[in-house]
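Q: Here it is, the structure in full.
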Amino acid sequence: MKRLNVDINEEQYEELKEIAKEHDVNIATLLGAFVADLSGILSNGSDERDYARQYLDRTWIGINRAFKRNEELRKLREEIKKQQARESSLHRTTV
């Protein structure tokens, strides 16, 4: 088992403590269940895995990842267009 330290404020801690109490578990178990679903290892089922991933994708973390991917794709498309233009130009001069 690995241990993680997570920085949260007092209000977040109290809210997590209350949610955990409502479900008769401790905070570590509560967060561990989410980590299991997000990682897909010892998860609570396929729906839970999907929802955990959907949650992540909707946060600023997922949005930032999507933005970076879009930027990478845009650069790749530009490079492909340049390559195609060079090949087209080369083909015209050799015909």
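The values are calculated or read from the model by the stated rules, or taken from the named source; none is laboratory data. Just so it is clear, the model here is predicted, and its values are computed rather than measured. In this analysis, Cβ positions are derived from the backbone assuming ideal geometry, glycine residues included, and neighbour counts consider all displayed protein chains.
Q: How about the stretch 68-95: which of its residues are at pLDDT 80 or above, farther than 30 Å from D57 by Cα and either of a type in the set (A, V, I, L, M, F, W, C) or touching a strand residue (DSSP E or B) at 6+ places or on another chain (Cβ under 6 Å) (or both)?
A: Scanning the stretch 68-95 gives a single hit, A85.
Q: Could you list, ordered by first residue, the pairs with Cβ atoms under 9 Å in which the first is in the stretch 22-38 and more than 15 Å from Q12 (Cα to Cα) and without any contact (Cβ under 8 Å) to a residue 40 or more places away in the chain and the second is part of a loop (DSSP other than H, G, I, E, B) and not hydrophobic (A, V, I, L, M, F, W, C), at least 6 apart or interchain?
A: Partner pairs satisfying both residue conditions: T29/H23; A33/S43; A33/N44; A36/S43; A36/N44; D37/S43; D37/N44; D37/G45.
Q: Could I ask something else about it? How many of the residues in the stretch 24-60 are part of a helix (DSSP H, G or I) and loosely packed, with under 10 Cβ neighbours inside 10 Å? Give the derivation first.
A: Step one: of the stretch 24-60, the residues part of a helix (DSSP H, G or I) are 27-39, 46-58, 60.
Narrowing further to those that are loosely packed, with under 10 Cβ neighbours inside 10 Å: 60.
Looking only at that region, the number is 1.
Q: Restricting to the stretch 45-77, name every residue that is basic (K, R) and over 16 Å from the mean Cα position of the chain (by Cα). Break it down into steps so the answer makes sense when it comes.
A: Taking the stretch 45-77 as the starting set, the residues that turn out to be basic (K, R) are 49, 53, 58, 65, 68-69, 74-75, 77.
Answer for the stretch 45-77, where residues must be basic (K, R) and over 16 Å from the mean Cα position of the chain (by Cα): R74, K75, R77.
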